[in-house]
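Student: Can you read through this structure? Questions will come right after.
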Amino acid sequence: MSSIALKLLKPLGLPDKLNLASLIKALVVPMSGILIFLFIWNVGARNIHTSLGEFPGPTQVYEQGLNLLDEHNRERQKEADFYQRQDDRNAKKLEKNPEAEIKIRGYTGKATFIDQIGTSLITVLAGFFAASLIAIPAGIVIGLNKTLYSAFNPVIQLFKPVSPLAWLPLVTMVVSAVYVSDDPMFAKSFITSLITVSLCCLWPTLLNTAVGVSTISADLNNVSKVLRLSWLTHVIKIVIPSAIPMIFTGLRLSLGIAWMVLIAAEMLAQNPGLGKFVWDEFQNGSSNSLGRIMVAVLVIGLIGFMLDRIMLMLQKKVSWDKTQELR
Amino acid sequence: MATKTHLELTGVDIDFPTPSGPFKALSNVNLKIERGEFVSLIGHSGCGKSTVLNIVAGLYQATQGGVLLDGKEVNEPGPERAVVFQNHSLLPWLTAYENVELAVKQVFKNSKSKAEMKEWIEHNLHLVHMDHAMHKRPDEISGGMKQRVGIARALAMEPTVMLMDEPFGALDALTRAHLQDSLMEIQADLNNTVIMITHDVDEAVLLSDRIVMMTNGPAATVGEILEVKLERPRHRLALADDPEYNHYRAAVLSFLYEKQRKPVEGNAAPVATDTKQNSVAATAEETAAKTVLADEQAA
Ligand SMILES: Nc1ncnc2c1ncn2[C@@H]1O[C@H](COP(=O)(O)OP(=O)(O)OP(=O)(O)O)[C@@H](O)[C@H]1O
Ligand SMILES: [Mg+2]
């Protein structure tokens, strides 16, 4: 029994030698936290009555979660059937006349909850990468040059606290004006969400990188000077490694912001994604809506948490200072 | 014999800009150093030893006067004037080997093949007895080992002049004695020109051909120069009772604690300065005693 428990706990990164005390600490305490939360939720939910009925408790939410999965599977089945029928039809056509022209039409079904999760994830990662691609190099350049730093710092400080909701109308207008093409590679809504996310999550990475770069120890700079390292070698061998911890602090903050901003932007702009899902359910106003929204809330939280863990893992991988405790 | 001076500082002044106007740290520093000479700089804390070294390294620019190395003016840092920093200054994300490699790749990128570089890196780490731990990172090795790697890195650049800023300052007496011996061996082999800053009178006498004693700042300059004519190779144990050795020691001590004793009255922080000087004197004496003791035990 205890050996099974040990095996189960291994992937959680728990120490090999588990005594009772550490087992309680590692498992029982968080578990009881969750249980207390579920209890309060349950009791609270029963006492909140909305125009759409009682606020959903844990059980209803669980049911809605299963429902959403079911809907997704049904939709996938429909899609598969659709293509099957089309293939059959085309095959028959070809049998009669090998020269016949074949048309393959795409399936245009409703986006399910799972599809929306996928869309949101792709958008947030794209926006986050775009932002990092700008913020890290810009942070390095600004951090290495005091004049540039003083020049740009006020601008950065000004834009850093701006809410995504303020950017969104501007971005939407600009994207519709500038991004015109007959056969666009990406949907406009995707570009709008991406730019909004980037604009909001750029700043923590930019600032942290700049600070990390500008606080490199004078001794290491002197080593670089004595060796007459070229600018590029200096940046690659000395600047980036010593700024890595700060860069990652920034990246983790940025990714967290990106995820929060994306949901808000999708909701407001009606761009595909989890935000739109929540908004649609809210507009639907069926008796299940609140439960379904609650599923989305939990999923959003879980994904945000997982994104942060992934960044943490990456940080641990590239960090040279193994004694530093990362959490 | 030598037609031209190897390294020459002439009339070096330096002013540091401070909020309350320029601060003259050095004034009219003149010094000539021959090829292969081992010179140490000694003086009270804050007098400007590191500043002199940094000017020779090219990290600071003299406000007036300048430095000539083999007839060429020094105005930027370069690997021919390798520096061993007081706090090792190894890149913490690289292993000992990689730290030396960074320097070797930079200096010999056009003149050595990959295999030759590897051999050269290993050779230099071997010189400082770091073969066994060359693939460890700085946080995995002791302070003395880090300092060794710092020395190996400097040696590997094949510098014309080695500049060492209190290379053993942060080490315990036993480790320091070991490293001093290693340094003397290496110096006997390679015959580098070395300028070393030290606070330790014994270290200065044991290692140097000449000891340059600096006056107190501000506007510090070269006070006296003491030529140490002890036979090489030198053995610390044999020298401990040597009257000549003790004579040199006494000369340096008297310069530091009699001639350059800071006036107590009128000083901004008289008490603090005074205690500091006394404690330095005490440590110097103590270290000497400890070093000898340690060697006796080792023998
Ligand atoms: N970059 C700088 N800006 C302003 N003042 C400086 C600067 N560097 C050194 N000084 C001043 O110059 C004087 C000499 O400093 P320096 O570091 O050369 O002393 P030092 O002899 O090496 O002392 P220590 O033995 O404690 O290392 C000190 O008064 C110091 O405050
Ligand atoms: Mg100093």
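The values are calculated or read from the model by the stated rules, or taken from the named source; none is laboratory data. Here the structure is a predicted model, which means the values were calculated and not measured. Neighbour counts run over all protein chains shown; Cβ positions are idealised from the backbone, glycine included. The protein model used for the area step is the full one, side chains on, heavy atoms only, and it has no ligands, DNA or RNA in it. Shrake-Rupley method; radii C 1.70, N 1.55, O 1.52, S 1.80 Å.
Student: Just to be sure, is residue B:33 within 16 Å of ligand 2 (Cβ to nearest atom) and in contact (Cβ under 8 Å) with a residue 24 or more places away in the chain?
Tutor: Against the criterion (within 16 Å of ligand 2 (Cβ to nearest atom) and in contact (Cβ under 8 Å) with a residue 24 or more places away in the chain), residue B:33 does not qualify.
Student: Let me ask you something else. Can you tell me which residue is farthest from residue B:25 (Cα to Cα) among those in segment B:192-203 that are within 16 Å of ligand 2 (Cβ to nearest atom) and not in a helix (DSSP H, G or I)?
Tutor: Here the residue is B:200.
Student: Of everything in segment B:204-220 that's open to solvent by less than 10 Å² (accessible area, probe 1.4 Å) and not in a strand (DSSP E or B), which residue is nearest to ligand 2 (Cβ to nearest atom)?
Tutor: Residue satisfying both the conditions and the ranking: B:204.
Student: Tell me, which residue of segment B:108-134 that is open to solvent by 50 Å² or more (accessible area, probe 1.4 Å) and within 14 Å of chain A (Cβ to nearest Cβ) is nearest to the chain's Cα centre (by Cα)?
Tutor: That would be B:109.
Student: Considering B:54, B:87, which residue is part of a helix (DSSP H, G or I), under 30 Å from residue B:188 (Cβ atoms), of a type in the set (S, T, N, Q) and within 16 Å of ligand 2 (Cβ to nearest atom)? Write out each step before concluding.
Tutor: On the way: B:87 fails: part of a helix (DSSP H, G or I).
Step by step, each of B:54, B:87 is checked, and only B:54 is part of a helix (DSSP H, G or I), under 30 Å from residue B:188 (Cβ atoms), of a type in the set (S, T, N, Q) and within 16 Å of ligand 2 (Cβ to nearest atom).
Student: I'd like the full set of residues that are more than 9 Å from ligand 1 (Cβ to nearest atom) and open to solvent by 60 Å² or more (accessible area, probe 1.4 Å), limited to segment B:57-76.
Tutor: Within segment B:57-76, B:61, B:63, B:64, B:68, B:70, B:72, B:73, B:75, B:76 meet the criteria.
Student: Further question on the same structure: Taking segment B:19-56, which residues are open to solvent by 60 Å² or more (accessible area, probe 1.4 Å) and within 14 Å of ligand 1 (Cβ to nearest atom)?
Tutor: Across segment B:19-56, the qualifying residues are B:19, B:20, B:22, B:23, B:24, B:45, B:46.
Student: Does residue A:237 satisfy the criteria of being at pLDDT below 90, within 13 Å of chain B (Cβ to nearest Cβ) and farther than 21 Å from residue A:207 by Cβ?
Tutor: So residue A:237 fails the test.
Student: Check B:85, B:168 and return the single one that is surrounded by 15 or more Cβ atoms within 10 Å (Cβ to Cβ), away from every other protein chain (no Cβ under 14 Å) and of a type in the set (Phe, Trp, Tyr). Steps first, please.
Tutor: Values: B:85 fails: away from every other protein chain (no Cβ under 14 Å).
Going through B:85, B:168 in turn, the sole match is B:168.
Student: Another question about this same structure. Residue by residue through segment B:182-198, note down the ones that are in contact with a His (Cβ under 9 Å, 6 or more places away or on another chain) and open to solvent by 20 Å² or more (accessible area, probe 1.4 Å). Write out each step before concluding.
Tutor: Looking only at segment B:182-198, we keep the residues that are in contact with a His (Cβ under 9 Å, 6 or more places away or on another chain), and these are B:182, B:193.
Those that are in contact with a His (Cβ under 9 Å, 6 or more places away or on another chain) and open to solvent by 20 Å² or more (accessible area, probe 1.4 Å): none in segment B:182-198.
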